């Protein structure tokens with residue numbers, strides 16, 4: 001299945017929980033905020049929210065800013 | 001004892017909010033924050049550059065006694081800004097949000113309509129909104145009525161360093177909106193710009209480029225901190241009214257050679 005992560009297409013071999021995807025990407029779940037299809041997924045739901053075919057995922061972390 | 005003041009449910013000593021962008025290195029940023037004595041810093045959410053860079057910045061933040069004010073920089077619509085604010089709340093565990101909805105890419109002027117729409121929604125959603133706005137009185141009044149208890153009018157466009165270009169308009173804002181926190185944000189270039197804002201009765205200033213782009217950002221952070229304290233002290237001391245004509249400061253009584 002195809003998803004987009006931070007604007008880049010990625011092929012996954014099937015649906016999975018968001019928490020598992022972050023793990024596979026070696027991203028510390030505590031250090032990011034995630035939106036799927038323009039909806040915020042709260043951290044407590046990372047392990048229950050399923051990533052599906054066609055999902056647009058934004059994974060954001062703290063950066064400098066004015 | 002140092003004066004304290006309240007904003008967004010917090011009590012602060014410093015009236016200096018410092019932006020964290022554009023510094024030449026993380027270490028310079030850290031030193032500048034320390035020298036600034038700022039208790040509020042702004043930051044953003046972005047797609048991760050590298051996990052190491054994000055982790056370093058996040059780790060540095062944990063070592064500093066500052067309140068985080070995440071921004072919605074780069075958002076061009078209310079929808080984008082609202083989503084970014086909600087993501088910021090989730091990531092930083094704060095209800096504070098510096099709300100930016102930009103209407104023009106060249107001069108980064110706020111989009112007043114998108115800003116008001118986003119502020120209304122976010123205030124309703126329990127955020128403490130710090131809207132980056134213009135000096136337009138009507139827009140600022142509408143933001144207040146939407147629930148904003150803090151307003152951040154610009155001095156001049158972001159990053160220009162032009163200072164306060166419309167002094168009387170800012171003075172009018174301060175006079176007409178005495179009950180809200182007013183923080184001048186954007187366009188300040190030199191410490192005297194910040195001192196002026198405090199002398200005019202504004203509650204604080206937010207500065208980024210003037211510090212980060214200085215030849216010595218750490219020294220400049222210290223300069224701004226000093227200027228902000230001087231401006232506030234001058235305001236509290238009661239600045240004299242300017243006059244159209246000269247008034248001698250030396251007593252005229254007893255002037256020698258009076259009748260020559």
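Brief remarks follow.
- Shielding by partners - mean other protein chain Cβ count within 10 Å, residues of B:55-64: 2
- Calculated mean residue ellipticity, 222 nm, chain B: -12500 deg cm²/dmol, from DSSP H runs (n ≥ 4) at -39500 (n - 2.57) each, averaged per residue and rounded to 500.
- Using alpha-carbon coordinates, inclination of helix B:217-237 to the longest axis of chain B, degrees: 50
- The simple spin-label model puts a point 7 Å past each Cα toward its Cβ; for residue A:30 and residue B:2 those points are separated by 3.0 nm.
- Per-residue shielding of B:218-224, expressed as the average number of other chain Cβ atoms within 10 Å of the residue Cβ, stands at 0.
- Rounded, prolate or oblate (a/c below 1.5 giving rounded, otherwise prolate when a/b exceeds b/c) for the stretch B:1-104 by Cα gyration tensor: oblate
- Dividing the mean sequence gap of close Cα pairs (under 8 Å, 6+ apart) by how many residues chain B holds gives a relative contact order of 18 percent.
- Degrees between helix B:78-92 axis and first principal axis of chain B (Cα, 0 to 90, nearest 10): 80
- Taken residue by residue and averaged, Cβ atoms of other chains lying within 10 Å of the Cβ of B:205-214 number 1.
- Coordinate range along principal axes, alpha carbons of chain A, Å, largest first: 39, 24, 22
- Over chain A, relative contact order from alpha-carbon pairs under 8 Å, at least 6 apart, %: 44
- Bridge orientation summary for the protein assembly as shown: considering DSSP beta bridges with both residues in this region, about 50 percent are antiparallel.
- Length-normalised contact order of the stretch B:1-146 in % [C-alpha pairs under 8 Å, at least 6 apart]: 16
- Taking a ≥ b ≥ c as the square roots of the eigenvalues of the Cα gyration tensor, the stretch B:161-208 is classed as prolate, since a/c reaches at least 1.5 and a/b is larger than b/c.
- Segment residue B:107..residue B:95, full-extension length gain: 1.5 nm, with 0.36 nm per residue of separation and the alpha-carbon distance subtracted.
- Between residue B:26 and residue B:169, the contour length at 0.36 nm per residue exceeds the Cα-Cα span by 47.8 nm.
- Two-site FRET efficiency, residue A:11 against residue B:233, from Cβ-Cβ distance with R₀ of 56 Å, rounded to 0.05: 0.35
- Between the C-alpha center of the stretch B:59-96 and that of the stretch B:198-213 there is a gap of 20 Å.
- Three-way shape label, the stretch B:136-260, alpha-carbon gyration tensor, a/c 1.5: oblate
- Distance from the alpha carbon centroid of the stretch B:135-192 to that of the stretch A:25-65 works out to 35 angstrom.
- Hydrodynamic radius of chain B per Kirkwood, over alpha carbon pairs, in Å: 19.3
A short reminder: the numbers here are calculations on the coordinates, not readings from a lab. The model shown is predicted, which means the values in this text are computed figures rather than measured ones. Note that we place each Cβ from the backbone using ideal geometry, even for glycine, and neighbour counts take in every protein chain shown.
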